[in-house]
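S.K.: A single structure is presented below for examination.
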Amino acid sequence: MDVIAAAPPGPPEPVLTNGPALAAHPDRTVDVAVVGIGYAGLPLAVAAAAGGHRTRGLDLSDFLVAQVNIGRPPVDTVTRAELDAVAPLLDATTDPAFLSECSVVALCVPTPVDTHGVPDLEPLLCAVRTVRQHLSPGQLVIIESTTYPGTTDGVIRDILEESGLTAGSDFHLAFSPERVDPGNTRYGFHNTPKVVGGLTSACGARAAAFYAGLTERVHVTRSSREAEAAKILENTYRQVNLALVNEFAQICHRLGVDVWETIEAAATKPFGFTPFRPGAGVGGHCIPVDPLYLVHRATQAGVPFRMAEQAQRINDSIPVWVASRAQELLTANGINVRGAKVLLLGVTYKPDVADIRHSPAEPLALELLGAGADVMFHDPYVTTFSARGRAVPAGQDLVADLATADLTIVVQRHRMYDNGLLAHARLVLDPGGPGTTQEGGNA
């Protein structure tokens with residue numbers, strides 16, 4: 001296992017008496033607490049238990065807790081086999097009283113944005129206040145929730161120190177961003193490098209020692225701020241490049257250029273180019289949200305993050321553009337959009353996952369409904385779907401629905417939506433890749 005450390009930010013700091021990642025405690029019944037056992041927290045809890053640590057998840061949701069305790073994963077970032085394998089060492093509860101017993105407390109709670117795109121830290125800060133009430137000397141507290149630089153050594157530190165304990169001398173504090181990629185079968189917790197930044201170098205070293213037993217590689221940054229910034233940079237990189245290729249696809253469409261052949265040709269260059277592909281929009285829990293945290297903090301600091309802001313606007317506009325493409329296709333085939341039957345295939349935010357957070361299917365459906373179309377959907381991972389409160393009915397017979405729909409839009413290309421299946425459709429718009437279309441394959 002590799003641990004790569006940045007140069008220490010300053011002079012030596014005080015080291016706690018229980019320096020190991022998990023301090024010896026003969027009466028301890030739990031080694032590791034994971035606060036928040038959703039898409040990011042449950043993989044960490046499973047990894048900790050697989051590493052031999054007695055682990056307990058804490059969550060406000062009775063449903064999530066009950067599912068974990070009966071061995072049924074409530075999220076698709078953990079399999080049933082993985083949960084079964086660690087059952088003797090992993091359980092869950094809604095009662096935070098046990099937190100004071102743990103050596104390590106990791107927080108993996110949501111950090112969303114509000115309707116205006118402003119970061120909402122309240123779920124995280126609420127969890128931090130809960131930890132504060134049970135904070136014990138010698139503990140290691142790790143923040144995995146995405147946030148802007150200065151949160152861990154700022155407001156989080158301040159809240160925890162209201163306990164009367166001092167970060168860096170009475171307890172360790174570190175930031176290590178989650179890097180869970182739902183649906184990725186190649187990279188999981190064990191082989192995705194962990195980035196760790198401590199409040200002090202001793203804090204970073206202890207957090208690195210903890211993760212060293214769970215994953216193949218740990219990279220230690222100079223402080224928590226670099227680790228916080230790294231996570232946002234990762235997702236802003238994807239956000240900006242997706243905006244580039246999405247806008248490029250619009251230009252190609254207008255100029256009569258095959259965007260897919262263009263990307264394929266550019267990708268033959270073995271250096272200086274990474275292919276990104278356009279789609280019906282950008283969704284999920286990271287890319288539409290994380291860059292806005294740095295946009296907010298940069299604006300406060302008087303340094304606008306203009307590229308991220310523009311990329312956000314471009315990506316947000318793509319479902320509207322796809323809806324206009326749909327109307328063009330219908331009109332070109334002599335069909336009035338008002339009353340036209342439109343079938344949406346795949347309403348999750350990415351292929352072959354069950355997660356619909358920030359799915360582009362919602363604004364796309366809303367645009368089509370607003371134009372008077374009769375919209376329905378099919379998705380093997382989703383049973384009910386709505387667009388801003390307007391229920392969208394699910395199809396009952398996919399082949400029949402494809403044959404009777406005036407237009408089928410492939411929002412997410414799940415594995416089952418192959419060209420053989422799409423051949424049953426009368427008219428197809430495939431923004432995410434060339435499929436069986438009647439407009440030359442350009443999307």
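The values are calculated or read from the model by the stated rules, or taken from the named source; none is laboratory data. As the structure is a computational prediction, the values presented were derived from the model and not from experiment. Methodologically, a virtual Cβ is constructed for each residue, glycine included, from the backbone with ideal geometry; neighbour enumeration extends over all protein chains shown.
S.K.: Restricting attention to the stretch 78-97, which residues are over 19 Å from Ala127 (Cβ atoms) and hydroxyl-bearing (Ser, Thr, Tyr)?
M.R.: Thr79
S.K.: Return yes when Arg186 is at negative phi, among the basic types (Lys, Arg) and touching a residue at least 40 places away in the same chain (Cβ under 8 Å) and no when it is not.
M.R.: No; evaluated as a whole, the condition is false for this residue.
S.K.: Looking only at the stretch 281-328, how many residues end up being of a type in the set (A, V, I, L, M), outside any helix (DSSP H, G or I) and without any contact (Cβ under 8 Å) to a residue 12 or more places away in the chain?
M.R.: 2
S.K.: Where in the stretch 332-443 are the helices (runs of 4 or more DSSP H), entirely inside, with at least 1 residues that are more than 29 Å from the chain's Cα centre (by Cα) and surrounded by 20 or more Cβ atoms within 10 Å (Cβ to Cβ)?
M.R.: 398-404
S.K.: Ok, one more. Condition check: surrounded by 13 or more Cβ atoms within 10 Å (Cβ to Cβ) and more than 19 Å from Pro182 (Cα to Cα). Does Ala92 satisfy that?
M.R.: Taking the combined requirement at face value, the residue satisfies it.
S.K.: In this structure, is Gly138 more than 26 Å from the chain's Cα centre (by Cα) and either surrounded by 22 or more Cβ atoms within 10 Å (Cβ to Cβ) or in contact (Cβ under 8 Å) with a residue 12 or more places away in the chain (or both)?
M.R.: yes
S.K.: Does Tyr237 satisfy being under 30 Å from Ala106 (Cα atoms), surrounded by 22 or more Cβ atoms within 10 Å (Cβ to Cβ) and among the aromatic types (Phe, Trp, Tyr)?
M.R.: For Tyr237, the condition - under 30 Å from Ala106 (Cα atoms), surrounded by 22 or more Cβ atoms within 10 Å (Cβ to Cβ) and among the aromatic types (Phe, Trp, Tyr) - is not met.
S.K.: While we're looking at this one, here's another question. Scanning for something modelled with pLDDT of 95 or more and surrounded by fewer than 19 Cβ atoms within 10 Å (Cβ to Cβ), does the stretch 34-43 turn up at least one residue?
M.R.: No: the stretch 34-43 contains no residue that is modelled with pLDDT of 95 or more and surrounded by fewer than 19 Cβ atoms within 10 Å (Cβ to Cβ).
S.K.: Farther than 25 Å from Val347 by Cβ, in a strand (DSSP E or B) and under 22 Å from the mean Cα position of the chain (by Cα): does that describe Val218?
M.R.: In short, yes.
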